[in-house]
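The structure appears right after this line, and notes come after that.
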Amino acid sequence: MYKILIVEDDSGLAAAMKKHISSWNYDVRCVHNFENIIPEFTEYDPHLVLLDIMLPFFNGYHWCTQLRKISNVPVVFISSASDNMNIVMAMNMGGDDFIPKPVEPNVMIAKIQAILRRTYDMAGKIPMLEHRGAVLNLNDTTLLYNDQRIELTKNEFRILQTLLENKGKIVSRDTLMTKLWQMDCYVEENTLTVNVARLRKKLDSAGLTDFIKTKVGSGYIVE
């Protein structure tokens, strides 16, 4: 089932859109935190985003730019400002289509179906993991945070990926060493300690302090 994320601050319109799209057998969710939509986007991992232009805190153009840094997910802008200049700007900012307000339900569904068919017949999505605004791209082994692209070594990436996949759970040192050992020769405990220390230093330098916590005698955790 395709997942559709609605970024619309008019709660009445968002609810009506959700109801209509859901009736076509799509999984639909509405964003609630308009100050930072990225955590909700990465947690839900939608196949398509319906994005209003006029939003509180930051406009839709800003959020489309942020999404394009971490994903190629189709973005359809929605706006009452449907003049040619706004349509051109929406496309130039990385949008895939434009729906004018008031939203015509059948036109909206037709556009959604066409874009989903076009996109996912040809390509898949970019897998990612997110925590505290930091996004780990599983395709190119980089971490994006506050417009910084943090380069990770192979082992640093595997450690962080394992911790993020088990977010909120303690991951033992044995589990992490096994994760590294799957691809390389035997990893000694001291090697793991050194890699975790280097990873923490990179995260701290980027502003992600206390991102990885040590549970003495148990392992590590991303809370």
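So here's what we get for this one:
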item: Hits in the stretch 51-72 (condition: within 19 Å of Leu143 (Cα to Cα), assigned to a loop (DSSP other than H, G, I, E, B) and out of contact with any helix residue (DSSP H, G or I) (no Cβ under 9 Å at 6 or more places or on another chain)); result: Lys69
item: Answer residue from the stretch 17-38, given it is within 22 Å of the chain's Cα centre (by Cα) and over 12 Å from Ile4 (Cα atoms) and is surrounded by the fewest Cβ atoms within 10 Å (Cβ to Cβ) among those; result: Glu35
item: Top-ranked residue of the stretch 206-222 - restricted to ones that are farther than 12 Å from Val171 by Cα and of a type outside the set (S, T, N, Q), ranked as surrounded by the most Cβ atoms within 10 Å (Cβ to Cβ); result: Phe211
item: Matching residues in the stretch 144-158 - criterion: being crowded, with 18+ Cβ neighbours inside 10 Å and either charged (D, E, K, R) or without any contact (Cβ under 8 Å) to a residue 60 or more places away in the chain (or both); result: Ile150, Leu152, Asn155, Glu156, Phe157, Arg158
item: Hits in the stretch 188-205 - residues which are touching a helix residue (DSSP H, G or I) at 6+ places or on another chain (Cβ under 7 Å), surrounded by fewer than 17 Cβ atoms within 10 Å (Cβ to Cβ) and either modelled with pLDDT under 90 or assigned to a loop (DSSP other than H, G, I, E, B) (or both); result: Glu189
item: Residue count for the stretch 1-16, restricted to those that are under 20 Å from the mean Cα position of the chain (by Cα) and either surrounded by fewer than 19 Cβ atoms within 10 Å (Cβ to Cβ) or under 13 Å from Ile78 (Cα atoms) (or both); result: 8
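Per-residue answers, yes or no, for (1) at pLDDT below 80; (2) assigned by TED's automatic domain parsing to the domain that holds Leu50; (3) in contact with a helix residue (DSSP H, G or I) (Cβ under 6 Å, 6 or more places away or on another chain); (4) of a type in the set (Lys, Arg):
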position	(1), (2), (3), (4)
Ala81	yes, yes, no, no
Met85	yes, yes, no, no
Gly133	no, no, no, no
Asn139	yes, no, no, no
Gln148	no, no, no, no
Glu151	no, no, no, no
Arg158	no, no, yes, yes
Leu164	no, no, no, no
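The values are calculated or read from the model by the stated rules, or taken from the named source; none is laboratory data. Just so it is clear, the structure is predicted and the values come from calculations on it, not from any experiment. For neighbour counting, all protein chains shown are included, and Cβ atoms are generated from backbone atoms with ideal geometry for every residue, glycine included.
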